[in-house]
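These notes are about the structure you will find just below.
The values are calculated or read from the model by the stated rules, or taken from the named source; none is laboratory data. Values in this document were obtained by computation on a predicted structure and should not be read as measured data. Neighbour counts are summed over all protein chains in view; Cβ atoms, including those assigned to glycine, are modelled from backbone coordinates with ideal geometry. SASA here: full protein model, heavy atoms, side chains in, ligands and nucleic acids out. Shrake-Rupley method; radii C 1.70, N 1.55, O 1.52, S 1.80 Å.
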Amino acid sequence: MILNQLAPYACRSENSRGRRYDEEAPVGRTQFQRDRDRIVHCNAFRRLEYKTQVFVNHEGDLFRTRLTHSLEVAQIARTLARNLQVNEDLVEAISLAHDLGHTPFGHAGQDELNDSMNQRVPEAGGFEHNLQSLRVVDELEERYASFNGLNLCFETREGILKHCSRRNAQRLGDVGERFLNRTRPSIEAQIANLADEIAYNNHDIDDGLRSGLITVDQLCELELFVTHFEGVQRRYPDVQGRRLTSEIIRAMINTLVIDLTQTTLANLAEHKPASVDDVRQAPQLVAFSSSMRKQADELKRFLHENLYRHYRVMRMMNKARTIVRELFSAFLDEPRLLPDDYRRDDALAQARAIADYIAGMTDRYAISEHRKLFQM
Ligand code: MG
């Protein structure tokens, strides 16, 4: 990227607030490129391939996994970053890392791990996947001789931490500050956050249709969908099936990206941030127009009611919860069942290490561990 093409409100690698441990500057790439490269090379990134987005990994080869989801987020985020003249390398790094802390089995896995932690070891502070993503890059990866974690730049870590309670913000130091003084993150972090939403809303429609759990007829209740359904039918009266739905989905992604770009450009023109600090003090700048926000919310609600709570998804998630709950209890009751690396002397540290171990599992690894512990 040619640096002078970046807008004044963009994050620049050379102005980064730096890494937790000092390192020599990279040669031949920027600090944010180095962060992106470190993320792509880490173990947690490769595990995303075998972690559930909505459908458990073995249900079908064409469904999204956390890995393909993260790639789609990065692709959408890069387009937005280029449109808005901000740092593409930083949005890519944040996008590729944003789900590193996800448990196996999607939200069911995270909810159960949080419930198990709160019920069995209430003083340990529960489990939250977004916080865990930061923990993966700050503490858990073991790849470098002189520090734990990936030692990423402040701006990448800030982007990974999308939300955070006040209690956690107080102990997190620099990346927690904005939750205490209620400022915004960089524009790159704001972009990655909304690119995530554009990606999952659209690919969950695609996967939902592919699985047969939702139908085109049902989706035609939604303004965003039916507008593009009619548009595609006008342009291609004979197109049907997968080609029809793919054309609708690509048109929806396009519309959302264009709306987000135009609304954000208008917000930038209004607030005129001249620096990254101005972005932090301004209201949220990256946003959909209010009519698009309403349509996107309607879509989210639809997916909640009709896909995420479909009885066939719920059955799978019920099994997933049982696996996570039973693994957590078995390890907590008898830490000698854990691999040596995960054994701790202190009770709170032990609970956290069990959560780290389970959160790091892929779907199939969790199923196999469960089998090893509970079946002869
Ligand atoms: Mg995501």
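Structure summary
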{"read-out": "Search result, residues across the range 75-87 that are surrounded by fewer than 24 Cβ atoms within 10 Å (Cβ to Cβ) and part of a helix (DSSP H, G or I)", "value": "75, 78, 79, 82, 83"}
{"read-out": "Helices (runs of 4 or more DSSP H) fully within the range 234-338 counting 3 or more residues that are within 25 Å of residue 359 (Cα to Cα)", "value": "311-333"}
{"read-out": "Residue 203 under 17 Å from the mean Cα position of the chain (by Cα), within 16 Å of the ligand (Cβ to nearest atom) and surrounded by fewer than 16 Cβ atoms within 10 Å (Cβ to Cβ)", "value": "no"}
{"read-out": "Residue under evaluation residue 84, criteria (1) farther than 17 Å from residue 45 by Cα; (2) free of Cβ contacts under 8 Å to residues at least 40 places away in the same chain, criterion not met", "value": "(2)"}
{"read-out": "Of all residues making up the range 155-187, the number that are over 22 Å from residue 140 (Cα atoms), in contact (Cβ under 8 Å) with a residue 40 or more places away in the chain and either within 16 Å of the ligand (Cβ to nearest atom) or in contact with a Lys or Arg (Cβ under 9 Å, 6 or more places away or on another chain) (or both)", "value": "5"}
{"read-out": "Set 108, 97: member being farther than 26 Å from residue 287 by Cβ and either within 14 Å of the ligand (Cβ to nearest atom) or buried (at least 23 other Cβ atoms within 10 Å of the Cβ) (or both)", "value": "108"}
{"read-out": "Residues (among the hydroxyl-bearing types (Ser, Thr, Tyr) and within 15 Å of the ligand (Cβ to nearest atom)) located in the range 63-89", "value": "65, 68, 70"}
{"read-out": "Set 14, 59, 49: member being out of contact with any Lys or Arg (no Cβ under 9 Å at 6 or more places or on another chain) and either within 16 Å of the ligand (Cβ to nearest atom) or over 30 Å from residue 202 (Cα atoms) (or both)", "value": "14"}
{"read-out": "Flag if residue 48 is in a helix (DSSP H, G or I), open to solvent by less than 10 Å² (accessible area, probe 1.4 Å) and over 20 Å from residue 153 (Cβ atoms)", "value": "yes"}
{"read-out": "Check on residue 138, closer than 30 Å to residue 266 by Cα, outside any loop (DSSP other than H, G, I, E, B) and open to solvent by 10 Å² or more (accessible area, probe 1.4 Å)", "value": "no"}
{"read-out": "Residue check for residue 193: assigned to a helix (DSSP H, G or I), among the polar types (S, T, N, Q) and either touching a Pro at 6+ places or on another chain (Cβ under 9 Å) or away from the ligand (no atom under 16 Å from the Cβ) (or both)", "value": "yes"}
{"read-out": "Boolean, residue 92 is within 16 Å of the ligand (Cβ to nearest atom) and open to solvent by 20 Å² or more (accessible area, probe 1.4 Å)", "value": "yes"}
{"read-out": "Any chance residue 152 is open to solvent by 30 Å² or more (accessible area, probe 1.4 Å), closer than 19 Å to residue 140 by Cα and of a type outside the set (Phe, Trp, Tyr)", "value": "no"}
